[in-house]
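Data first, discussion second: the structure below is written as structure tokens.
The values are calculated or read from the model by the stated rules, or taken from the named source; none is laboratory data. Keep in mind that this is a model prediction, so the values were computed, not measured. Backbone-built Cβ (ideal geometry, glycine too); neighbour counts: all protein chains shown. Remember, those area values only see protein heavy atoms, side chains included, never the ligands or the DNA or RNA. Shrake-Rupley method; radii C 1.70, N 1.55, O 1.52, S 1.80 Å.
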Amino acid sequence: MEELTNLELARGIDTVWVALCAALIFQMEGGFALLEAGFIRAKNAMSIIAKVIIDVALGGLAFYAIGFGVAYGASNGWFAFDYGISTGDLGLGLNISNYLFWFIQLGFAMAAISIVSGAVAERMRLWGYAIFVFIFCAVMYPLAANWVWNPNGWLAGMGFNDFAGSAAVHAMGGFAALAGAIVLGPRRGKYQADGTITPIPGHNLPLASVGAFMLWFGWFGFNPGSTLGAVGNWELIGQVAVNTFLASAAGGVSTMLYTYYRYGQIDITMVINGVLAGLVAITAGCNVVGPGSAIIMGLIAGVLVDVAVVVIDRMKIDDPVGAIAVHGINGLFGTIAVGLFASESGLFFGGGSAQLGVQTLGVVVIAIFFIRNYLFGLYLIKDDRRCASFTRGRECGDRCSISRNRGLFHI
Amino acid sequence: MEELTNLELARGIDTVWVALCAALIFQMEGGFALLEAGFIRAKNAMSIIAKVIIDVALGGLAFYAIGFGVAYGASNGWFAFDYGISTGDLGLGLNISNYLFWFIQLGFAMAAISIVSGAVAERMRLWGYAIFVFIFCAVMYPLAANWVWNPNGWLAGMGFNDFAGSAAVHAMGGFAALAGAIVLGPRRGKYQADGTITPIPGHNLPLASVGAFMLWFGWFGFNPGSTLGAVGNWELIGQVAVNTFLASAAGGVSTMLYTYYRYGQIDITMVINGVLAGLVAITAGCNVVGPGSAIIMGLIAGVLVDVAVVVIDRMKIDDPVGAIAVHGINGLFGTIAVGLFASESGLFFGGGSAQLGVQTLGVVVIAIFFIRNYLFGLYLIKDDRRCASFTRGRECGDRCSISRNRGLFHI
Amino acid sequence: MEELTNLELARGIDTVWVALCAALIFQMEGGFALLEAGFIRAKNAMSIIAKVIIDVALGGLAFYAIGFGVAYGASNGWFAFDYGISTGDLGLGLNISNYLFWFIQLGFAMAAISIVSGAVAERMRLWGYAIFVFIFCAVMYPLAANWVWNPNGWLAGMGFNDFAGSAAVHAMGGFAALAGAIVLGPRRGKYQADGTITPIPGHNLPLASVGAFMLWFGWFGFNPGSTLGAVGNWELIGQVAVNTFLASAAGGVSTMLYTYYRYGQIDITMVINGVLAGLVAITAGCNVVGPGSAIIMGLIAGVLVDVAVVVIDRMKIDDPVGAIAVHGINGLFGTIAVGLFASESGLFFGGGSAQLGVQTLGVVVIAIFFIRNYLFGLYLIKDDRRCASFTRGRECGDRCSISRNRGLFHI
């Protein structure tokens, strides 16, 4: 076997790395499903799990047939088009096959859409949701990926640094979730006519915790795996893993301190969201910031998510699992924070404001895409009877619960 | 360190790949346990989890002491024998150690036996089950592995393509499950004297969903890991991962559409089984079919499992978790489908019918092994009082439930 | 790419191996959380999960800021000090970056502290626990790691073999757990004035089983990952994985047989602990014993844990999850067993008693550290009103339960 070339060995190494990181990312879908199921009412738990299975199954097929070509086809900077998985050179200079690259990119697409499922929980019918999933994974998310990660994308060309997707995945998903929550309106009974807000607590926090640990675990595929290869990246992978951990830990600790200071009690639901907020915030910059900056970003994220959850609730936007605050707000924060904290190009370390400007421009453009989602949602609702999809202001649970006698799931 | 040879590097790469894929496969046992526990009644949930622990612990020891030698010892084409883990050359041309090869093969053996535990759920005592596990992992499964994967196996010699075990693992386990379900008879109250069938729904679908996501995750070790090495396989691993995903997604989608068309509702229990059916169906051929074929195979598997569950139920064979339909029927289908869809040797792509003939022969021979299991089961039942194992037509739950006050598990 | 040196390739291989094993170890924290939550009463389930999140978040930050330097800084044999993650040569001869080495070491630190959380479950307030976590991860555990794994550590210098930490992690954590359980006293109602013992069974064994399977899975990162590199270790990794499995399987089987023989019933809670006991016992010596020895060690561990649980209970030390028996007693046993069973240096295979002496000395020194924890605990209790931390002899649940109406977690 001495005739093996070093290129063949490098291909082997990078294939092992990406295939297993992709599996870890895939596993996060179980995490999304259980986190969201635990944070809502029991009657709708299987409904949300079904939606996450739709994210994976239907969203995955859409990302295969159309989405991947939109994201990574030959791009004019704004969009591209290609069917299935191209066999040509994607221009990314990787040692892995296009098929394997597709498989890890699939994980990012599924994560983005699974963020939305949480925010629209308990009040969207399955078929309407399925239509949304298809469009989102075929066109909406891939456009953002094209801009940010396609070698010809306009944001990529400007030096936008979104290493593992605080903007392209989390802000994208979080603001789509915002649009969905606004279009659907709140769950019945959440906001009273006299202005009082009635919390609707999660039915099974241990189940949600299983989900949180699965997500935390998967993030160590999500961020380090975004190197897309291990050869030559032995120092970078260590840096990314450590930053990812430190930001999540700091997010958890700052939420504990903040909720204790604010409410006299530690709110464990929020601590879980604080950990996730830290993870979302570090996702864009884990490759360019130092460990001290990662801790500071995590500490900020842990407070930011608490404040955002309250503000969003006061705006009478009903987000049962906090997806908008965790992924939208902290995706926004994390992307901009790269312009502040990056060791070389960041404002705080003498890099000037150029990176900050690009980061802000990029993530704001991606975030305001929520208007597109809002309009698309309104269109679906207008046509409610035909597609029987959205049911504004009403609870899905009334009609979508599991038929207990027959073991069937009523759509 | 410049004196490292490329062979040493290749051994390192393949060891990392196989060790971690084997860990992912091992993790599937948790998935089997929870899926089966969630799909049955609460009173027997811990009983089924105990059985899966027996699959792993006792089955693993049996596969160490006897099974591995039966599967991978020097074979005359039909069987072999050797104690423990041989230190000699197995003739497989791998870069990994025999010990590590044993560890990944262990995962396949445990998967096969864990399929059976689901079909005999709620009505088999632990000691009887333990005897069955020992025999299955020491002799029954290893014989199938010998034929299919031993370099001298008679099916291997005929060009039988069962890449990760649709036949050797899933059909083998699924038809052993069929034998068990027939021998034991149905749970009390399932089939009425007047011919009506009373469904016994699962008690905890979110728990079953945790299990399903764990299985889905583990399959990305199961199928890609069956390359048994990454060096030289950088394209194959991508192909296998993508095919595995696409078939599972298509299986989930086709079950959604079918159950909606058939019952006016999406049956989420069946959607989980549809995803698993797609995974089982692609397992034999994920290395030789294209992505379009994987989708078609998944679509077929997703409907096939729905129909099979109903047919098996009408035959008054009580399979509480659908293991026969998922693993037996789709293992059969997936193995034969290689003869139809394989890019080079398949009937549909100009390869003629030779591959189809071999595939059909091999899987049918493995499937009819269920007769052996059936007779073995009858023998155990005949001798019920001595081994206190099988309790035909009665529910184990009545006597095997957990003693709540003492935290003990009554066998 | 032909200009890649073999050193660069080796760095890539070892980085992939350690990064992914570290992720698997990290995932064990979810396992600890769920196992402990399932084994205690429902009212305190979220409290214990919160404590494990504190283990990870606060413990991780302490291990970053202080602990790593205490463990792996320039050591005089007994202790060291350094801030954060050193960029200098640690003297370990590894191909991975210091950052990545920190990340896998973090997993060991978190495992050690998470052992304690189980033994003090249901009767310790969060802030007091947080103080303990910080001290433990900043100083206590790192000292043990220094002695055992620092190239200059005094035990390392004597040839102490604690491959993946039966002593440094499990005995260390298990005896700290013993100190905590003694200081806090038992839960109200556990031990009656007339000497009777009232068992307080776990509230959710399926949840605990999820945790057990997660731990079992993670152990295949924990032990094989302790090679800290794959290049040159292709045979060792196989040996470690096989020994790890065989000991766990034997532990599960021997507990089944023992509890059936002793109580006429299989105790499934104890079977889970038997599997874990086998894993703990093999952790020190998985690199130097043969598979037959691994099975014998597992068989002993599976009985030892049953006996230890009963003895500890009779001593009126209340350990709700059995952490002292699983990790403390079997960590002690496993470390000493290296001196008996090691293929080259063990007493049973002609190696004389030198290794046995070193093993016994090392683990006993680590174990008697529990006195330090005991005194530290007494100090905290004495000062109870100031830090509001320990509440001797009272149940935390009364004051620490989740406020159901508000979804908040009362500390």
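Some notes on this structure:
- The accessible surface of the range A:174-239, taken with every protein chain in place and a 1.4 Å probe, is 56 percent carbon and sulfur.
- Position A:GLY350, label points 7 Å along Cα→Cβ, spacing to each other copy in nm (shortest first, one decimal): 6.5, 6.5
- Measuring between their Cα centroids, the range B:1-71 and the range C:50-97 lie 32 Å from each other.
- Relative packing of peptides B:265-275, C:177-187 - highest average C-beta neighbours within 10 Å first: B:265-275, C:177-187
- CD proxy at 222 nm, helix term only [per DSSP H run n ≥ 4: -39500 (n - 2.57); per residue of chain B; nearest 500]: -19500 deg cm²/dmol
- Look at where the Cα atoms of the range C:182-212 and of the range A:284-331 average out, and the two centres are 39 Å apart.
- Proximal charge balance of C:GLY211 [Cβ under 11 Å; K/R count +1, D/E count -1]: -2
- Copy-to-copy label distances for A:LEU7, where each label lies 7 Å from Cα along Cα-to-Cβ, are 2.4, 2.4 nm in order of increasing length.
- Relative contact order (percent, whole number), chain B, Cα cutoff 8 Å, 6+ residue spacing: 23 percent
- Accessible area of C:ARG11 in the full protein assembly, 1.4 Å probe (Å², nearest 10): 50 Å²
- About the centre of its Cα atoms, the range C:1-119 shows a dipole size close to 720 debye [charges on the beta carbon of Lys, Arg (+1) and Asp, Glu (-1) only; nearest 20 debye].
- With 24 Å as the limit, the listed pairs B:LYS51/B:LYS190; C:LYS51/C:LYS190; B:LYS43/B:LYS190; B:LYS43/C:LYS316; B:LYS51/C:LYS43 have B:LYS43/C:LYS316; B:LYS51/C:LYS43 beyond it between alpha carbons.
- Estimated from the Cβ-Cβ distance and a Förster radius of 41 angstrom, the FRET efficiency linking C:THR5 and B:ALA74 is about 0.50.
- Longest segment of chain B lacking GluC sites (Glu not before Pro) that sit in a DSSP loop with at most 14 other Cβ atoms within 10 Å: B:4-343
- Three-way shape label, the protein assembly as shown, alpha-carbon gyration tensor, a/c 1.5: rounded
- Note on chain C: GNM, Cα springs under 10 Å; of C:SER345, C:SER293, C:SER97, the largest mean-square fluctuation is that of C:SER97.
- Between copies, the label points of C:THR196, set 7 Å from Cα on the Cα→Cβ line, lie 4.7, 4.7 nm apart, reported in increasing order to one decimal in nanometres.
- Across peptide A:256-266, the average count of Cβ atoms from other chains found within 10 Å of a residue's Cβ is 4.
- Counting, for every residue in A:48-56, the Cβ atoms of other protein chains within 10 Å of its Cβ and taking the mean gives 5.
- Interface burial for A against B (accessible surface, 1.4 Å probe, total of both chains, Å², rounded to 100): 4600 Å²
- Take each residue in B:96-103, count the other chain C-beta atoms within 10 Å of its C-beta, and the mean is 6.
- Screening chain C for whole DSSP H helices of 27 Å or more along their axis (Cα) with average Kyte-Doolittle hydropathy at least 1.6 returns C:291-314.
- Judged by the ratio a/c of the largest to the smallest principal axis of the C-alpha gyration tensor, the range A:1-115 counts as oblate, that ratio being 1.5 or greater while a/b is no larger than b/c.
- Projecting the Cα positions of C:GLY292, B:GLN265, C:LEU246 onto the charge dipole of the protein assembly as shown (unit charges on Cβ atoms of Lys, Arg, Asp and Glu, taken about the Cα centre) puts B:GLN265 furthest along the positive direction.
- The three principal axes of the C-alpha atoms in chain A carry coordinate ranges of 70, 48, 39 Å, sorted with the longest axis first.
- Burial of 40 Å² or greater, the range B:226-243 residues [accessible area, probe 1.4 Å, versus chain by itself]: B:VAL231, B:TRP234, B:VAL242
- Label point of C:SER353 set 7 angstrom out along Cα-Cβ; within the range C:299-333, amide nitrogens under 20 Å from it belong to C:333.
- Heavy-atom accessible area ranking, 1.4 Å probe, most first, across A:TYR141, B:TYR99: B:TYR99, A:TYR141
- Neighbour cut-off at most 16 other Cβ (10 Å), DSSP loop, trypsin sites (Lys or Arg not before Pro), the range C:264-373: C:LYS316
- Accessible-area rank, largest first, for B:ILE296, B:ILE66, C:ILE25: B:ILE296, B:ILE66, C:ILE25, with all protein chains present and a 1.4 angstrom probe.
- Computed FRET value (nearest 0.05) for B:VAL364 with B:ARG262, which takes r as the C-beta separation and R₀ as 51 Å: 0.95
- With a simple spin-label model that places each label point 7 Å from the Cα along the Cα-to-Cβ direction, the separation between C:ILE131 and B:LEU375 comes to 7.3 nm.
- For C:TYR83 and B:MET158, the FRET efficiency from 1/(1 + (r/R0)^6), where r spans their Cβ atoms and R0 equals 60 Å, is about 0.35.
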